Amino acid sequence: MGLHKILKYIGLALGIIGIILAIMIASGNEGMIDSMLYVSYAVLAIILVLVLIYVLKGLASGNLKKTLISIGAFLAIFIVAYALTGGDTMAYEYNDKLATEGESHLVGTGLVAFYIFAILAVLSMVYAGVTKMMNR
């Protein structure tokens, strides 16, 4: 029996369990909410394991060197973004809780990394457009 058939049967079984639990929740049985969450966690875990398996399988069959270079460049952008942002002295508040300096630093890192990725995306589109126009 192939992996596709096994996954199809597992998905069917989880779907039936989910429908039964949804009906029980709709009927007013509030204790079933925990059971539905456990089914959701199980489905999430299965999906994550399968994605990891297929990603590793794809890496093994593809060009590993190019993949590692791409991941390294991605991480390098985050390191540069982290180095560019400093600890803010301003107090940020969310739900009546003050953000720590580390949290503020990580938020700044995410914003700077987003800006770098956005600039790189625009530059790559401009480069592709100019190259296409030159080849015509």
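The values are calculated or read from the model by the stated rules, or taken from the named source; none is laboratory data. Worth saying up front: this structure is predicted, and the values here are computed from it rather than measured. For the accessible areas, the whole protein counts, side chains as well, though only heavy atoms, and no ligand, DNA or RNA atoms are used. Shrake-Rupley method; radii C 1.70, N 1.55, O 1.52, S 1.80 Å.
Here are the numbers for this structure:
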{"item": "Kirkwood Rh in Å, taken over the range 1-52 so that all alpha-carbon pairs contribute", "result": "12.0"}
{"item": "Ser104, Ser70, Ser35, reordered so the largest accessible area comes first (probe 1.4 Å)", "result": "Ser70, Ser35, Ser104"}
{"item": "Residues of the chain: accessible area per residue with a 1.4 Å probe, Å²", "result": "81"}
{"item": "Value of relative contact order over the chain, rounded to a whole percent, pairs C-alpha under 8 Å and six or more apart", "result": "14"}
{"item": "Gain on full stretching of the segment that runs from Ile6 to Val126 - 0.36 nm per residue minus C-alpha separation", "result": "38.6 nm"}
{"item": "Quotient of Cα Rg and 2.2 N^0.38 Å for the range 89-136, N being how many residues it contains", "result": "1.95"}
{"item": "Cα-based helix-to-principal-axis angle, 64-84 vs the chain, degrees rounded to 10", "result": "70"}
{"item": "Of all accessible heavy-atom area on the chain, the percent that carbon and sulfur account for (1.4 Å)", "result": "73"}
{"item": "Computed helical MRE - 222 nm, the chain, DSSP H runs ≥ 4 contributing -39500 (n - 2.57), nearest 500", "result": "-29000 deg cm²/dmol"}
{"item": "Listed residues Gly62, Gly110, Gly18, most fluctuating in the chain (Gaussian network, C-alpha, under 10 Å)", "result": "Gly18"}
{"item": "Diffusion coefficient, µm² s⁻¹, Stokes-Einstein with Kirkwood Rh over alpha-carbon pairs of the range 41-108 at 4 °C and 1.567 mPa s", "result": "83"}
{"item": "For the chain, alpha-carbon Rg and Dmax in angstrom", "result": "23.6, 67"}
